[in-house]
1. Among the residues in the stretch 36-48, are any outside any helix (DSSP H, G or I), within 22 Å of L293 (Cα to Cα) and of a type outside the set (V, I, T)?
2. Check off (1) farther than 30 Å from M116 by Cα; (2) among the polar types (S, T, N, Q); (3) modelled with pLDDT under 95 for T80 and give me the number that stays unchecked.
3. Might you let me know whether the stretch 176-192 holds any residue that is in a loop (DSSP other than H, G, I, E, B), in contact (Cβ under 8 Å) with a residue 40 or more places away in the chain, loosely packed, with under 15 Cβ neighbours inside 10 Å and not aliphatic (A, V, I, L, M)?
4. Got at least one residue in the stretch 150-161 being closer than 23 Å to G272 by Cα and part of a helix (DSSP H, G or I)?
5. Of a type in the set (F, W, Y) and closer than 27 Å to V65 by Cα: does that describe W232?
6. Need the failing condition index for G130 against (1) in contact with a helix residue (DSSP H, G or I) (Cβ under 9 Å, 6 or more places away or on another chain); (2) modelled with pLDDT under 95, just the number.
7. Got at least one residue in the stretch 315-324 being within 26 Å of M190 (Cβ to Cβ), β-branched (V, I, T) and in a loop (DSSP other than H, G, I, E, B)?
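The values are calculated or read from the model by the stated rules, or taken from the named source; none is laboratory data. The structure displayed is predicted, hence computed values, not measured ones. No Cβ is skipped: glycine too gets one built from the backbone with ideal geometry, and neighbour counts run over all protein chains shown.
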Amino acid sequence: MNATDDVLIAYRNDGEAERWNYRPPEPVRLNPLFSWPLCPRAVWDWYRGAWLPLTALTVCLTIAVAAYAVALPPLEQMATLRPGWILRIWLLNVIPQTLVAGGLHWWLYIRKSQGMRKKFDKRDLTRKNGTFTFDNQVLDNIWWTLGSAMTVCTAYQVLIFWAMANGWAPVITFAAHPAWFALWMALIPMWSGLHFYWVHRLEHSPILYKRVHAVHHRNVNTGPWSGISNHWYENLLYFTTYFVHLVVPSHPLHLLFHAYFQQISPVFSHSGFEKVIAKDTEMARAGDFFHQLHHRYFECNYGTSEIPFDKWFGTFHDGSAEATRRTREHKKQMYTR
């Protein structure tokens, strides 16, 4: 028996599983690209699992390609700020967000198509709770998503498309730069994770947490509409990730993919279920236990599993009882300083 087997046995026999309806059978994994010695097979398996099956990444990329092909105005039309194309950008945000979040919510929480299978939390979403706007978690989340998030993300995207159209931001084409086009598409999730970690850490500072980020953390037990249910000020920070396209040579499709990844992938990661199941078939990866742990224990897993900032800075929770103990001790030290 090796050390890995010992860790797995300890994990499966600790008390943490009792706190959940479903806990993954293995500890949370991080991107092996940052492990040493590097294991190419593990890295290949990680990225194959992210890009080849039906995942949040592939859904976002598919929506982006469809939106670009069918509905995005040509750049030359966006050189002048006009209500028509600005409205179209807003609709390109609102319609997919509503369809994906609404559809997943209907499947998991209204129709309850898979019951409690692969559901992390034992509880249902909250109703008649004064913590939430309208005393209802789902209505609260819909309001902050469609009202706040969609407004801010649209404004930022309009600004960037307008800059691209006027030559104020570097624009590339696939024909001229195919290698960079593909590489930048693959790097966008990593950039998103890097940006998210540092913005998220800032939002957990006492002043911003109490006045801003607490709106999102009302959702201890998350659902599909919780993903970008954020205060206005938080969305002003969260969506600054798009401004990288003002300096990094990009194609409009890059911005669309980045937008959908930033807006729609949280629908899946906050869904509350690890997998979407139809009958007895696992159709797609959904929830992210890494981030589910953050909503349960707050002061851990600030980033994503794509770049292991939390491991580097000592705030990683792998789903084990020992990690819960460390996190609670860390919180105690934070709040008694």
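1. First, pick out the residues of the stretch 36-48 that are outside any helix (DSSP H, G or I): 36-39.
Among the residues that remain, those that are also within 22 Å of L293 (Cα to Cα) are: none.
Within the stretch 36-48, not a single residue is outside any helix (DSSP H, G or I), within 22 Å of L293 (Cα to Cα) and of a type outside the set (V, I, T).
2. Of the numbered conditions (1) farther than 30 Å from M116 by Cα; (2) among the polar types (S, T, N, Q); (3) modelled with pLDDT under 95, the odd one out for T80 is (3).
3. Yes; the residues of the stretch 176-192 include at least one that is in a loop (DSSP other than H, G, I, E, B), in contact (Cβ under 8 Å) with a residue 40 or more places away in the chain, loosely packed, with under 15 Cβ neighbours inside 10 Å and not aliphatic (A, V, I, L, M).
4. Residues of the stretch 150-161 closer than 23 Å to G272 by Cα: 150.
Filter once more, so that each one left must be part of a helix (DSSP H, G or I): 150.
Yes: one or more hits.
5. When the stated conditions are applied, W232 does not pass them.
6. Result: G130 passes all but (1).
7. Yes, the stretch 315-324 has at least one match.
For (1) modelled with pLDDT of 95 or more; (2) basic (K, R); (3) farther than 28 Å from R123 by Cβ; (4) surrounded by 14 or more Cβ atoms within 10 Å (Cβ to Cβ), each residue gets a yes or a no:
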residue: Y11; (1), (2), (3), (4): no, no, no, yes
residue: N21; (1), (2), (3), (4): yes, no, no, yes
residue: V28; (1), (2), (3), (4): yes, no, no, yes
residue: L54; (1), (2), (3), (4): no, no, no, yes
residue: I63; (1), (2), (3), (4): yes, no, yes, yes
residue: Y68; (1), (2), (3), (4): yes, no, yes, yes
residue: W85; (1), (2), (3), (4): yes, no, yes, yes
residue: R88; (1), (2), (3), (4): yes, yes, yes, yes
